[in-house]
Amino acid sequence: MNRLLFVLLLVFVLPAAAFAQTDEDLPVYQFGEPIEFEIGGITVTGATYSEEVAIIGVSGLKVGDKIRIPGPEIPKAMKALMRLRLFTNVQIVLDKTIGDVVFLEIQLQERPRLSRYTYRNVAKTYHESLNEQVNKFLLKGGIVTEDVKVNSQRAIEKFFIEKGYFDTKVTVSEEPDTTRVNSVIVIFDADRGERIKIEEIEFVGVESVKEKKIARKLKNTKEKGRIFGSSKLVRKDYEEDKKAIVAYYNTIGHRDARVTGDTMWRDEEGRIRLRINIDEGNRYYFRNIAWKGNSIYDTETLERVLGIEKGEIYNQELLEKRLRFSQDGSDVSTLYMDNGYLFFNVDPVEVAIDGDSIDLEMRIFEGPQATIDKVVIKGNDRTHEHVIRRELFTKPGEKFSRSDILRSQRQIVNLGYFNPEALDINTPVNPQRGTVDIEYTVEEKPSDQLELSAGWGGIQRVIGTLGVSFNNFSLRNIFNKEAWRPLPQGDGQRLSLRAQTNGNFYQSYNISLTDPWLGGKKPNSFTVSGFYNKFSGFNRNQNLSILQGSASLGTRLKWPDDNFVSTTALNLQSLQLNDWSAGAIGSFTDDAGNNINNGKFNNFSIRQTLARSTVYDPIFPREGSRVSLSVQFTLPYSLFNNKDYSELSPEERYRWLEYHKWRFDAEWYTPIVGKLVLKTSAKIGLVGFYNREIGTTPFERFQVGGDGINNQQFGFQGVDIISMRGYEVTDLSANFDALGRTSPAPVFDKFTVEMRYPLSLNPSSTIYVLAFAQGGNAWRNLRDFNPFDLKRSAGVGMRVFLPMFGMLGFDYGIGFDKVRDPGARGLKGLGDFNIVLGFEPE
């Protein structure tokens, strides 16, 4: 319409103006006859956002040009400007004439510019995601065209359709922005309707397996009512699910299986029904497997590593796993790469298909051995390079080894200084020289911790804790002023300071320093620590105090493998009791039930631990295991003297503590699916004696129950605190002596199964939820030990790890074997809620 108006204007108005002109320098022409003019000047009006010079250039009109009016030049100029799609109206009018010189004015009406856009009837949780889609078309200050609005509308509708809102309708409107010239606010009004779920999925052609198995392979496309997985239909996820169906068939011998088609429709109630057509094809089996091109390893060795026997179901996934991608490194590729053959490649070729049998030929390219040239470390802006380099198993001049790279990766993560999600390893190759560089790129994360915790200590009331742990400390730079930023750091040493108190009743002070590489040449960790604790009863003269110093040396072993660590610790401890009674926080009793109230007791012991760990990430382990066996023992002092211990008082009998204490702890982490991890653990401990006349020491026992914080009154007495979710200390009969006084037990066991799922693996805040089942118990002597007599519990929990505060825990456990009040029904009296601050229970 506008263009027609412009043409009429040029055809009639301009000639009429020329004809009506009576200037004496301009001869009078007959109406409608073209008149030739020279352009004397061009002006532009209405251009707020566009450059005047650019507009004149696009029009094609130039000062000095000869044009005819009416003629083709001016319509052509208007068309050129309209093609820019910047204007809603373009007019070129006669400003004035002087003789045969004409002055033109280009009058423009620009399209409105976007001030902002907003949503109606859309929850704020969707805004950020929608902005990502809309910003592809609409930009602040950009031109608002119909195409832009339509594309944005379709993007929003597609977004909601992928979330299951198949009836989504989006309308787009504009409102003038009165605060800006020629600007508009674009409003997207979304009517999502109800979420449309998949009512039924039908499989056609499934014969060799149950349809339920096929349905379980649809990870993202589920029927309504399924607990796990979404019942909405997302096209991209659905296509991946169809590939998963074919992949599953390939694992059970159906190498030719395919999805031949599918049909989707809406029933009368608007629900989605889906039919998937499958052609299973024939089932095949492995027959003959031949090896070609192997010279380093003989055929027998390769067959043993491959582990596929003649007659097994043809499984392409298993074949690839045994050739290249085994998680545990038990594949043919790792066999070669661990021996330096970085350029190794194996290509399985089907050379014959006879009925339901397939013959394979493994065509191997071994290539030359690759030597490590350079090992480069990047991104460590706080940690000194030698701290990382000493953990690496890849060294310049050695042969390339894939297993060494994976082990080095695990060692770097276990340092705890770097973001495991950002760790990157590159291996640029120089084929001409037969060398490879290994580049480790790390990203530092906060590793120091500030512990602020509070726990209810029963009669002690609230116990407050303040502690700091500097996990990347530098002792050698402690006198270097320039290194204090704010503390000297980067050498991988650990310094910990901790204070705990609730006022006059309880005080505890701890300090420890660990150097994981004593001397800097071998992985020999050395730790020195000490603490002083004091607990007072209601009477100021009634107290217990303990002073301890210890030193330990740990060594990484080479046999059976280098995942083993041996640690030897020397502990020197002195305990002082003054009028200590059972009424304060607990009693110390021997096997005969004698209460120990006064005396000074010396506990000089050696602790030997053998541990093996293959855990990848200490914060949220996903695979691997930790197993340790330890024995702590004193000298058998009673064998070196002629004392009759049956005649001695308890204070004299235990002046020099003698015992042997055993602990076995094991944890296994198994990935189930995706990020879901199964943790299983077992813990067993016992305290034995050398002399029956002395019996079991009243110290160094086990306290089972509670969450660990509630039992801190025993933590400084050499008693191992074993948390038991769903049970308090008083819920276990073994925690009482013969006279009914609270007293730790010499034997315990505990078994746990946990399912863990991470909500966030961000190194600044790692969060995961868990569900657990647990069983454990304690016994007063080894003769009563029964590993199947367990106090059972189950529940849920959450863990939050913050670098500055450590682990925060929340658990709710139900103890199924609790003794509760008569008449209690349901779960009443069975549940316990535990809050753990700065402490991860055992």
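The values are calculated or read from the model by the stated rules, or taken from the named source; none is laboratory data. Note that the coordinates shown come from a computational prediction; the quantities given were computed from them, not determined experimentally. Positions of Cβ are backbone-derived with ideal geometry, glycine not excepted, and every protein chain shown enters the neighbour counts. For the accessible areas, the whole protein counts, side chains as well, though only heavy atoms, and no ligand, DNA or RNA atoms are used. Shrake-Rupley method; radii C 1.70, N 1.55, O 1.52, S 1.80 Å.
A few points about this structure:
- Element breakdown for segment 481-530 at a 1.4 angstrom probe: carbon and sulfur atoms account for 58% of the accessible area.
- Projecting the alpha carbon convex hull of segment 296-393 along each direction and taking the average yields 8.6 nm².
- Partner lysines for residue 96 [C-alpha distance under 24 Å; skip if fewer than 8 residues away on the same chain]: 62, 66, 76, 79
- Solvent-accessible surface (1.4 Å probe) assigned to residue 219 amounts to roughly 120 Å².
- Radius of gyration (Cα atoms) of the chain, expressed as a multiple of 2.2 N^0.38 Å: 1.42.
- Largest accessible area first, the listed residues 264, 724 line up as 264, 724 when surface is computed with a 1.4 Å probe on the assembled protein chains.
- Filtered GluC sites (Glu not before Pro), segment 247-285: DSSP coil and at most 16 other beta carbons within 10 Å: 268, 269
- Size check on segment 530-686: the Cα extents along the three principal axes, sorted descending, read 60, 39, 29 Å.
- Radius 10 Å from Cβ of residue 428, net charge of other residues (Lys, Arg +1; Asp, Glu -1): -2
- Cut-off 17 Å, label 7 Å out along Cα→Cβ of residue 256, residues of segment 191-219 by amide N: 205-208
- Sum of -39500 (n - 2.57) over DSSP H runs of 4+, divided by residues of the chain (222 nm, nearest 500): -4000 deg cm²/dmol
- Take each peptide in 430-437, 152-159, count the other Cβ atoms within 10 Å of every residue, and average; sorted highest first, the result is 152-159, 430-437.
- Overall form of segment 56-123: prolate. Here a/c, set by the Cα gyration tensor axes a ≥ b ≥ c, is 1.5 or more, and a/b is the larger of a/b and b/c.
- Aspartates and glutamates whose Cα lies under 13 Å from that of residue 149, excluding same-chain neighbours fewer than 8 positions away: 157, 174, 189
- Between 0 and 90°, nearest 10: helix 402-415 axis offset from the chain longest Cα axis: 80 degrees
- Cross-link pairs 213/683; 140/378; 600/791; 399/675; 210/232; 236/675 - those with Cα-Cα distance over 29 Å: 213/683; 140/378; 600/791; 399/675
- Percent carbon-and-sulfur accessible area, segment 112-266, ignoring ligands, DNA and RNA, probe 1.4 Å: 46 percent
- Gyration tensor verdict on segment 146-266 (Cα atoms; rounded if a/c is under 1.5, prolate if a/b is larger than b/c, oblate otherwise): prolate
- The spacing between segment 743-778 and segment 591-617, judged by their C-alpha centroids, is 23 Å.
- DSSP assigns beta bridges within the chain; of those with both partners inside it, close to 85 percent run antiparallel.
- Largest-first ordering by accessible area, 1.4 Å probe, given options 303, 128: 128, 303
- Rounded accessible area per residue of segment 272-364, 1.4 Å, Å²: 50 Å²
- Here each label is just a point 7 Å from Cα along the line to Cβ, and for residue 312 and residue 100 those points are 9.7 nm apart.
- Modelled FRET efficiency - R0 41 Å, residue 521 with residue 592, Cβ distances, 0.05 increments: 0.20
- Inter-label distance, nm, simple model (7 Å from Cα along the C-beta direction), residue 765/residue 268: 5.1 nm
- Pairs from 445/481; 521/558; 163/219 whose Cα-Cα separation, in the structure shown, is over 18 Å: 445/481
- Over all other residues within a Cβ to Cβ distance under 12 Å of residue 477, the charged ones net out to +1, with Lys and Arg as +1 and Asp and Glu as -1.
- Those GluC sites (Glu not before Pro) in segment 71-126 that DSSP places in a loop and that have at most 14 other beta carbons within 10 Å: none
- Cα gyration tensor category, rounded, prolate or oblate, for segment 593-674 with a/c compared to 1.5: prolate
- Förster radius 35 Å - calculated FRET efficiency between residue 384 and residue 501, Cβ distance, rounded to 0.05: 0.45
- Rounded tilt (10° steps) of 146-162 against the dominant C-alpha axis of the chain: 30 degrees
- Using 0.36 nm per residue and subtracting the Cα-Cα separation, the extra length available between residue 136 and residue 237 on full extension is 34.1 nm.
- Taking the accessible area of segment 373-446, probe 1.4 Å, and keeping the other protein chains in place, the carbon and sulfur fraction comes to 45%.
- The residues of segment 473-584 present an accessible area of 55 Å² per residue when probed at 1.4 Å with all protein chains retained.
- For the pair residue 483 and residue 614 in one chain, pulling the backbone fully straight at 0.36 nm per residue adds 43.7 nm over the alpha carbon distance.
- Summed over the residues of segment 56-175 and divided among them, the accessible surface reaches 54 Å² per residue at a probe radius of 1.4 Å.
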